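The values are calculated or read from the model by the stated rules, or taken from the named source; none is laboratory data. Values in this document were obtained by computation on a predicted structure and should not be read as measured data. For neighbour counting, all protein chains shown are included, and Cβ atoms are generated from backbone atoms with ideal geometry for every residue, glycine included.
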Amino acid sequence: MNSISDIIVGKFPGNHVLIIRGDNIADPDSEEQKIIGKLQIRDKEVRAHEMAHGTDPNLIKIGSTQFDYTIGPDGKAYATGGKVTLSTGNPNSPEDALAKAESLKKASMAPGAPSSQDFQALNAAIAMESEAINNLYSNNKDKLNNNPLAKGTNLNTYA
């Protein structure tokens with residue numbers, strides 16, 4: 001009886017054929033089927049992970065998601081790694097930069113198992129947040145310094 005993975009490689013006169021026998025890939029306990037199952041699970045995880053990064057409307061997705069593929073024993077390509085490029089655009093104000101930094105932090109930590117690249121994106125978001133806070137502080141300090149009521153005016157009080 002021929003299994004699904006038997007391949008006819010040649011025919012001879014009469015009813016004779018040359019067959020290469022392989023393991024029955026349809027057998028759920030076969031090594032190939034176990035590998036395919038693991039690749040299918042990984043493919044779903046990778047695709048969900050990358051999709052979770054690009055759901056925030058404050059972030060601009062640059063290009064399409066790029067995947068790294070592994071070819072399984074069945075000849076199909078399975079995503080085993082991925083990358084999505086996000087941008088915050090050019091924030092118009094420190095307040096805008098703070099909101100976008102917060103969005104970038106959430107997007108980088110959205111998936112359940114962050115990669116090293118996710119942590120790099122988180123660090124970039126924290127740096128952006130720090131810079132925005134410093135800009136807010138500087139702007140508020142300048143406003144206070146230009147306010148005549150905030151300067152050291154001598155006030156006389158009478159009781």
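Does at least one position in segment 106-114 carry a residue that is of a type in the set (A, V, I, L, M), touching a Leu at 6+ places or on another chain (Cβ under 7 Å), at pLDDT below 90 and not in a strand (DSSP E or B)?
So far as segment 106-114 goes, yes, one or more of its residues are of a type in the set (A, V, I, L, M), touching a Leu at 6+ places or on another chain (Cβ under 7 Å), at pLDDT below 90 and not in a strand (DSSP E or B).
Scan 122, 86, 155 and give me the residue that is surrounded by 10 or more Cβ atoms within 10 Å (Cβ to Cβ), modelled with pLDDT under 90, of a type in the set (A, V, I, L, M, F, W, C) and on the phi < 0 side of the Ramachandran plot.
So the residue among 122, 86, 155 that is surrounded by 10 or more Cβ atoms within 10 Å (Cβ to Cβ), modelled with pLDDT under 90, of a type in the set (A, V, I, L, M, F, W, C) and on the phi < 0 side of the Ramachandran plot is 86.
Name the single residue, out of those in segment 54-73 being surrounded by fewer than 14 Cβ atoms within 10 Å (Cβ to Cβ) and of a type outside the set (Gly, Ala, Ser), that is nearest to residue 33 (Cα to Cα).
71
Hey, can you tell me all the residues within segment 80-97 that are touching a Ser or Thr at 6+ places or on another chain (Cβ under 8 Å) and either closer than 30 Å to residue 140 by Cα or free of Cβ contacts under 8 Å to residues at least 40 places away in the same chain (or both)?
82, 83, 84, 88, 97
Among the residues of segment 51-75 satisfying the criterion of being in contact (Cβ under 8 Å) with a residue 40 or more places away in the chain and charged (D, E, K, R), which is nearest to residue 140 (Cα to Cα)?
56
Is it the case that segment 56-76 has a residue that's over 24 Å from residue 43 (Cβ atoms) and more than 19 Å from the chain's Cα centre (by Cα)?
no
Taking residue 144, is it assigned to a strand (DSSP E or B), among the aliphatic types (A, V, I, L, M) and either modelled with pLDDT under 75 or in contact with a Leu (Cβ under 6 Å, 6 or more places away or on another chain) (or both)?
no
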